[in-house]
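K.L.:
This is the structure, below, for whatever I ask next.
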Amino acid sequence: MGEVAVNLPAQSLASRALFVVTILLGSFLLFLVQPLVARLALPMLGGAPMVWNSAMLVYQALLLAGYAYAHLLSRLAIRRQALVHLALMALGLLFLPIALAEVPHPSGFEVFWVPMLLLATIGPLFFLVAAQAPLIQRWYAADRAAGDPYWLYAASNIGSFAGLLSYPLLLEPNLPLERQSAAWAVGYGVLIAFMALLAWSRWRVADRAADPSPEDAPEPIGWRRIAFWLALSAVPSGLMLSTTTHLTTDIVAMPLLWVVPLGLYLLSFVFAFNERSALGHALARTAPTILLLAGAMAMVSRGTDGVSVALAAVLMLFVVATALHRRLYADRPSPARLTLFYLVMSAGGALGGLFAAIIAPLMFDWVWEHPLLVLAAGALLPQKPLIAWMERLGLDARQRLIARGALVAGAAALGLWMHAALEAQSDFAVHLLLLAIALLGVLALGSRWAFLAILLILMLARGGWGTLQDSADAIRERSYFGVYTVRDYADPDMRVLLHGTTVHGRQFLDPERRREPTSYYGPTSGVGLALGAAQDIYGPGADIGVVGLGTGTLACYRQPGQDYTFYEIDPMVLDYSRQGIFTFVRDCAPDAEIHMGDARLALEGEPPRQYDILAVDAFSSDAIPLHLLTREAMHAYGRALKPDGLLLIHISNRYADLRPVIAAHALENGWIALMRDDPGDPANGISASFWVAIASDALPMAKLLQSNTDADWIELGDPIADPWTDDYASILPYLDWGAILGER
C-alpha cells in the first residue's frame with residue numbers, strides 16, 4: 001500500500017491484512033455503487049452536472065447517517081456491535097439486486113426529486129456499507145496492542161478511489177447493468193463474510209473503549225474544536241462539487257469529468273491521514289502558492305484555455321484538500337473518540353455538499369459557490385511563511401502592518417494592469433502579471449487578511465470583473481440543469497443563448513432578419529434541409545416533433561397547415577420563448593404545443609405514429625445525452641414516427657464521435673441513415689453541424705436527397721459492435737482525446 005502502511009504496531013500480519021482487506025472491500029463497493037445507481041437512473045435524469053452533485057449530496061447524507069450509527073453502536077461492547085451490525089447487513093440482502101425505485105416526478109422540482117429517487121434506490125445498502133469504515137477502525141483500536149487506527153482511513157480511501165475508477169474503466173464497458181448489479185451483490189456478500197471474520201478476531205479481546213483504563217479515558221471535545229473539524233471537512237467537500245460544476249459549466253464540458261474531482265478528493269485522504277507521507281507534507285507546504293496560481297481562475301465564466309484551466313482546477317482541489325485534510329488529521333482525538341471524529345467529519349462533508357448541491361443553485365445566478373469556497377480554503381490553510389523575510393529585516397509589528405498593506409496595494413495596482421491586459425487579449429502580459437501578483441501573495445503569507453485580499457484581487461483581475469458585470473447586468477440565470485447566459489452582440493446585431501460555454505441558439509435582432517434560422521439549424525444543415533422540404537415530402541399538413549426547445553429556432557421552418565410540437569425539460573428555457581427574449585416560437589409557431597419534462601418519457605407515454613418528422617436536439621451543454629441514444633430511446637422515436645417518417649438526430653460534439661453509435665442502431669433496425677456535415681456560415685450566425693437523417697422507408701429519404709442536390713449526405717461509416725442500450729453503454733471508446741487535450 002505504499003505510503004499508507006508505515007510504522008504499524010506489532011500485531012500479527014494476518015490480523016492486520018484482514019482489517020486492511022475488509023476496509024478496502026467495503027470502500028470499494030461504496031464508491032462502485034455510486035456511479036452504478038447514477039447509470040441506472042440515467043434514462044430518467046439525463047446528464048446535467050447538478051444530477052451528479054445531487055447524487056453526491058445523497059451519498060454524503062447517507063455517509064453521515066452511517067457514521068452516526070457507528071458512533072451510537074460504539075457504545076456497546078464489540079460482541080454486541082458485531083451481532084447488531086451483521087444482523088442488519090444480512091437484512092440488507094433483501095434490497096438486492098439493486099433496482100431503481102419508483103418515485104413520482106413533479107416537473108420543475110428536480111432539485112428535490114433527484115435526491116429522493118436516489119435515497120429510495122440505494123439508501124439502506126449504502127447506509128450499512130458506509131458504517132463499516134469507522135466500525136472497522138473502532139474494532140481495530142479495541143486491542144491495546146493495535147495502536148493508532150487512523151491509518152486505516154487512508155487505506156479506506158484507496159479502496160474508494162479504486163472503486164470509483166473501476167466503474168467507467170472496467171465495469172461499465174464490459175458488463176450490462178443487470179450483471180453489474182449482480183457483481184455488486186456478490187461483493188456485498190463477501191463483505192458480510194469478512195466482517196464476520198473481523199468480529200471473530202476481536203471476539204475475545206478486552207475492549208479498551210468499553211472498559212477503558214485511565215490513560216484511555218475519552219478526552220474532552222469542545223464545540224470550538226468540533227466547529228474546526230466541520231470547517232476543515234466541509235470546505236474540501238464543497239470545493240470538490242463546485243469544481244465539478246465550474247469545469248463542466250464554464251470551462252470544458254467534457255464527458256465523465258466529474259470522476260476526476262471526486263477521485264482526487266478521495267486520494268487526498270491517503271496522503272493526509274499519514275503523518276509520515278513526504279508527498280502529503282510537500283503538498284500542504286505548497287498549498288497556498290497553488291491556491292494563488294490556480295485559484296485566480298475561480299471567477300472565470302467564459303471558456304478559455306479549457307484543458308489547461310481544467311488541469312489547474314483539479315490540481316488545486318487535490319493540493320488544497322490534502323492540506324486541509326492533513327490539518328484535520330493533525331487535530332484528531334484519541335481512539336476513544338474516533339467515531340465522534342468521523343461523525344463530525346462526515347457532517348462537515350454533508351454540509352459542504354448541501355451548500356454546493358442545494359443552496360447554491362437556488363441562491364446564485366452563476367457558480368458563485370466556487371470562488372467562495374476557494375476563499376474559504378485560503379482562510380483555513382496554515383499561514384506559515386515560505387520565506388521569513390520580515391524576521392530577517394527585523395521589522396516590528398507596525399512596520400509589518402505597513403509592509404503587508406504595501407503588498408496588497410501593489411497587488412491591486414498590478415490587478416488593474418492585468419485586467420487591462422486581459423481586455424487587450426495580451427496573453428503573455430496576463431500570465432506575467434499573474435505570476436507577479438502570486439509572488440506578492442506568497443510574501444504576504446503569515447497574515448491571513450493580506451493573503452486573502454491578494455487572492456481576491458487575482459480572481460477579480462483574471463476574469464472576475466466580467467463575471468460580476470454579467471450578474472449585475474442580469475443577463476444570466478441558473479436552473480437545476482445549468483447556467484444560461486443571454487448576450488447581445490453588434491455587427492451583426494444578434495442575441496445568443498449559451499448553456500455554460502456551449503451556444504444553444506442565436507437570433508438576429510433586426511426585425512427583418514429575426515425569423516432567419518441560425519446556429520446549428522441553418523437552411524443547409526441536415527435539419528434545415530429536412531424541415532424545409534417537409535411540405536414536398538409529406539404534403540401540406542406535416543406533423544413535426546422537436547426534442548429540445550432551445551431558442552425555438554426550428555419553429556421558423558413551419559409552413560401553413562403544419563403542426564409543431566416541442567419537448568423541453570427545463571422550464572427556464574421555455575421562459576425565454578414565453579417572455580419574448582427569443583421570438584422564434586412567437587413569430588413563427590405561436591400555437592405550437594410545448595410539453596414539459598423528459599422527452600423520451602413523454603414520447604413513451606403518448607399515442608404512437610404521431611410525427612412525419614422528429615428532430616432530436618437535446619444536449620446538456622456539450623455533454624453526451626447517453627439516455628437519448630440507446631436502443632430503448634431509438635425505439636421510442638421509431639414508435640412516435642409514422643411508417644414513412646424521418647428521424648433527425650443532432651450529433652455535433654467537440655469531444656466525441658457519435659457516428660458509430662447511430663450506425664449501429666440503423667444496422668440493427670434495418671434503417672437507412674445518412675449524415676449531413678454542414679460547414680456553416682459564421683458571417684450569418686450559422687454554426688457547423690452534424691445531423692443524421694434516419695428512415696425505415698427509402699422514399700422519404702430519396703425525396704430529402706432530391707430536395708437540394710447541392711447538399712451532400714454521407715454514410716456514417718462502421719458501426720460499433722454492440723448498440724448502446726439502457727443496460728449497456730460506454731462513451732469512453734468514442735472520445736476524441738486529441739480534442740480533449742487541446743491538440744485540435
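The values are calculated or read from the model by the stated rules, or taken from the named source; none is laboratory data. Nothing here was measured: the structure is a model prediction, and the numbers come from that model. With ideal geometry, Cβ positions are generated from the backbone for all residues, glycine too; neighbour counts draw on all protein chains shown.
K.L.:
Taking the condition of being outside any helix (DSSP H, G or I) and in contact (Cβ under 8 Å) with a residue 60 or more places away in the chain, how many residues in region 561-607 meet it?
P.N.:
Residues of region 561-607 that are outside any helix (DSSP H, G or I), as a first pass: 561-570, 579-583, 589-598, 605-607.
Among the residues that remain, those that are also in contact (Cβ under 8 Å) with a residue 60 or more places away in the chain are: 569-570, 581-583, 596-598.
Number of matching residues: 8.
K.L.:
When the residues of region 548-566 are filtered to those that are surrounded by 24 or more Cβ atoms within 10 Å (Cβ to Cβ) and of a type in the set (Gly, Ala, Ser), which remaining residue is modelled with the lowest pLDDT?
P.N.:
Ranking the candidates gives Gly550 first.
K.L.:
Quick check, is Ala145 surrounded by fewer than 16 Cβ atoms within 10 Å (Cβ to Cβ) and assigned to a loop (DSSP other than H, G, I, E, B)?
P.N.:
Taking the combined requirement at face value, the residue satisfies it.
K.L.:
Lys642 fails exactly one of the following numbered conditions: (1) at negative phi; (2) touching a Lys or Arg at 6+ places or on another chain (Cβ under 8 Å); (3) outside any strand (DSSP E or B); (4) not aliphatic (A, V, I, L, M). What is the number of that condition?
P.N.:
Among (1) at negative phi; (2) touching a Lys or Arg at 6+ places or on another chain (Cβ under 8 Å); (3) outside any strand (DSSP E or B); (4) not aliphatic (A, V, I, L, M), the lone unmet condition for Lys642 is (3).
K.L.:
Related question: When you scan region 532-572, how many residues do you find that are touching a Gly at 6+ places or on another chain (Cβ under 7 Å) and aliphatic (A, V, I, L, M)?
P.N.:
Going through region 532-572 one residue at a time, the tally reaches 1.
Yes/no matrix, rows are residues, columns are (1) in contact with an Asp or Glu (Cβ under 6 Å, 6 or more places away or on another chain); (2) at pLDDT below 85; (3) under 30 Å from Leu732 (Cα atoms); (4) surrounded by fewer than 21 Cβ atoms within 10 Å (Cβ to Cβ):
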{"position": "Glu568", "(1), (2), (3), (4)": "no, no, yes, no"}
{"position": "Tyr576", "(1), (2), (3), (4)": "no, no, no, no"}
{"position": "Gln579", "(1), (2), (3), (4)": "no, no, no, yes"}
{"position": "Phe619", "(1), (2), (3), (4)": "no, yes, yes, no"}
{"position": "Leu626", "(1), (2), (3), (4)": "no, yes, yes, yes"}
{"position": "Thr630", "(1), (2), (3), (4)": "yes, no, yes, no"}
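K.L.:
Still on this structure, I have one more. Based on this model, can you work out whether Ala120 counts as within 27 Å of the chain's Cα centre (by Cα) and without any contact (Cβ under 8 Å) to a residue 24 or more places away in the chain?
P.N.:
Details: within 27 Å of the chain's Cα centre (by Cα): yes; without any contact (Cβ under 8 Å) to a residue 24 or more places away in the chain: yes.
Yes, satisfied.
Per-residue answers, yes or no, for (1) at pLDDT 90 or above; (2) under 22 Å from Met56 (Cβ atoms); (3) surrounded by fewer than 16 Cβ atoms within 10 Å (Cβ to Cβ):
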{"site": "Arg302", "(1), (2), (3)": "no, no, yes"}
{"site": "Arg327", "(1), (2), (3)": "yes, no, no"}
{"site": "Ala350", "(1), (2), (3)": "no, yes, no"}
{"site": "Ala356", "(1), (2), (3)": "no, yes, no"}
{"site": "Trp366", "(1), (2), (3)": "no, yes, no"}
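K.L.:
So Arg400 passes all but one of these: (1) under 27 Å from Trp366 (Cα atoms); (2) more than 32 Å from the chain's Cα centre (by Cα). Which condition number does it fail?
P.N.:
The one condition Arg400 does not meet is (1).
K.L.:
Quick one: which residue in Ala429, Ala403, Ala376 is surrounded by 15 or more Cβ atoms within 10 Å (Cβ to Cβ) and at pLDDT 95 or above?
P.N.:
Going through Ala429, Ala403, Ala376 in turn, the sole match is Ala376.
K.L.:
Of the residues in region 409-426, how many are closer than 30 Å to Thr322 by Cβ and within 33 Å of the chain's Cα centre (by Cα)?
P.N.:
Total satisfying the criteria: 2.
K.L.:
Just checking, which of Ala693, Ala663, Ala656 is surrounded by 18 or more Cβ atoms within 10 Å (Cβ to Cβ), in contact with an Asp or Glu (Cβ under 9 Å, 6 or more places away or on another chain) and at pLDDT 90 or above?
P.N.:
Ala663
K.L.:
Which numbered condition in (1) over 33 Å from the mean Cα position of the chain (by Cα); (2) under 26 Å from Leu283 (Cβ atoms) is the only one that Ala406 fails?
P.N.:
With respect to (1) over 33 Å from the mean Cα position of the chain (by Cα); (2) under 26 Å from Leu283 (Cβ atoms), Ala406 is out only on (2).
K.L.:
Further question: Would you mind finding the one in Trp724, Trp691 that is under 23 Å from Thr553 (Cβ atoms), touching a helix residue (DSSP H, G or I) at 6+ places or on another chain (Cβ under 7 Å) and not β-branched (Val, Ile, Thr)?
P.N.:
Trp691
K.L.:
Given the conditions (1) within 24 Å of Arg487 (Cβ to Cβ); (2) modelled with pLDDT under 95, which single one is not true for Gly539?
P.N.:
(1)
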